[in-house]
Amino acid sequence: GNTRWKYPAEARLSDNPSLWNGALYAITQNGVMVSLDMESGMPRWKARVAPAVGGDIASVTAHEGRVYATAGKSQWDGSERVVCVNATDGEKFWEVKPDTGLWNFIPMFPGDGSVIFQTQNGDPYAVRISDGQVLWSHHREPSGWTDGGTTIGPNGIAYVTHADGHIDKLSPSQTSDLTAHRISDGEMLWRHEYPTPPNSWPVVAQVGESKRWTVLFPYGGQSYQSSVMFAMMRLSFLPDFAQKSAFLSLNWLYLALGRWGKYLFKYLFWLNLDFPWPGGVTAFEPETGKVLWEWHAPDWWMPEVKGDDTGLATRTYFVYEQGKIHGQNMCIPNPWASPTVDVDGTAYLGFQDGVLYALRERGGKGEVADSFATSAAFSHPGIAMAPGMLAVANCDTLYVFKYEES
């Protein structure tokens, strides 16, 4: 757990970095991509790929000598285009601007010379790696917005997340769906609809005792983001100083009112909020979309995710009053950390209640095999694994577990 090196970035980092060929690749919000030597932390190269980068949690992804990232600013503070650069020196190969903005971008590589990703609207894109040519795409109507993303399976299918309605309509009752597309030509194979938001990633893995290939998808909306954040959108006409004061006041008021806060925000800002916040995990047959089983997470009744109210006064003071901390006073993550499945077929997911769940299929049903309560909710990157080791970060702490053979 000792710190080996530290690199002082020249601007805020909101995107997830990646590792490849002994280097760490990251991008700052002022559009500077950097390659750092993993042993020393010293820069191998730096390159400005855009004037700015969105404030969402996208992923800088290195793959076979190229690095993929998002750039530019789009509506709701996401990014507007995908850039591909040389992993050796940062030289730009190409960029693609989809029809709608990008949010929480994570590219997928099926091994056929293409890269697969989706927009914030849930529009899937297949782009040729060699020259950035769009091979196929599908635009969804009506347009919407989701925190979730696309995953590909070994069966040549991409699983795409879509929500109905824009970000300011996000609520526990916002409808959504998970759609399967054939990677070779983009044809839709099946679709499963949900009565709740889809703000996570599916995973395709061999699950449970049978080790059968399964699509696992965590669904559900997140607390708080559907309240104060969207109320502020109604006040966007105010000057900056007035918006800051209003935001601080709404923070305190919403948390103080607890379960009654939804009524104030519903009638004052026309937000259709409700409690509890449902969530769960669905298991699908990958080729047909047949539901194999479903596990319902414990209902979450609080107006904020686990940990966001703890120390809020101190964080608010330093962020907004003193300007000593660059960032935001609350984590406001997605409801689920993206799922990870180990070699034994157990799925690990962190929920907005601050609990890390280990789900396992037994007798055709999904059950909690183990759980670990933490101090805060989890961001969407999820759990990382290495031989005999599991690591996960919630909004304030890194947890590392080691497996000891008896």
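The values are calculated or read from the model by the stated rules, or taken from the named source; none is laboratory data. Not measured: the values here are computed from a predicted model. We place every Cβ from the backbone using ideal geometry, glycine too, and count neighbours over all the protein chains shown.
General remarks:
- Qualifying residue in the stretch 9-22 (condition: modelled with pLDDT of 95 or more, closer than 24 Å to E95 by Cα and not in a strand (DSSP E or B)): yes
- Selection within the stretch 368-389 - over 18 Å from the mean Cα position of the chain (by Cα) and buried (at least 19 other Cβ atoms within 10 Å of the Cβ): T374
- Criterion (on the phi > 0 side of the Ramachandran plot, in contact with a Ser or Thr (Cβ under 9 Å, 6 or more places away or on another chain), at pLDDT below 95 and surrounded by fewer than 24 Cβ atoms within 10 Å (Cβ to Cβ)) met by exactly one of G165, G113, G122, G156: G165
- Checklist (1) farther than 18 Å from F217 by Cα; (2) surrounded by fewer than 12 Cβ atoms within 10 Å (Cβ to Cβ); (3) not acidic (D, E) applied to G364, failing item: (1)
- Residues of the stretch 23-45 satisfying the condition of being more than 15 Å from G90 (Cα to Cα) and hydroxyl-bearing (S, T, Y): S40
- Restricting attention to the stretch 370-384, the residues that are modelled with pLDDT of 90 or more and either in a loop (DSSP other than H, G, I, E, B) or touching a Gly at 6+ places or on another chain (Cβ under 7 Å) (or both) total 7.
- D37 meets each of the listed conditions (1) modelled with pLDDT of 95 or more; (2) buried (at least 16 other Cβ atoms within 10 Å of the Cβ) apart from (2).
- Unmet requirement for P98, which otherwise passes all of (1) buried (at least 18 other Cβ atoms within 10 Å of the Cβ); (2) at pLDDT below 95; (3) over 18 Å from M33 (Cβ atoms): (2)
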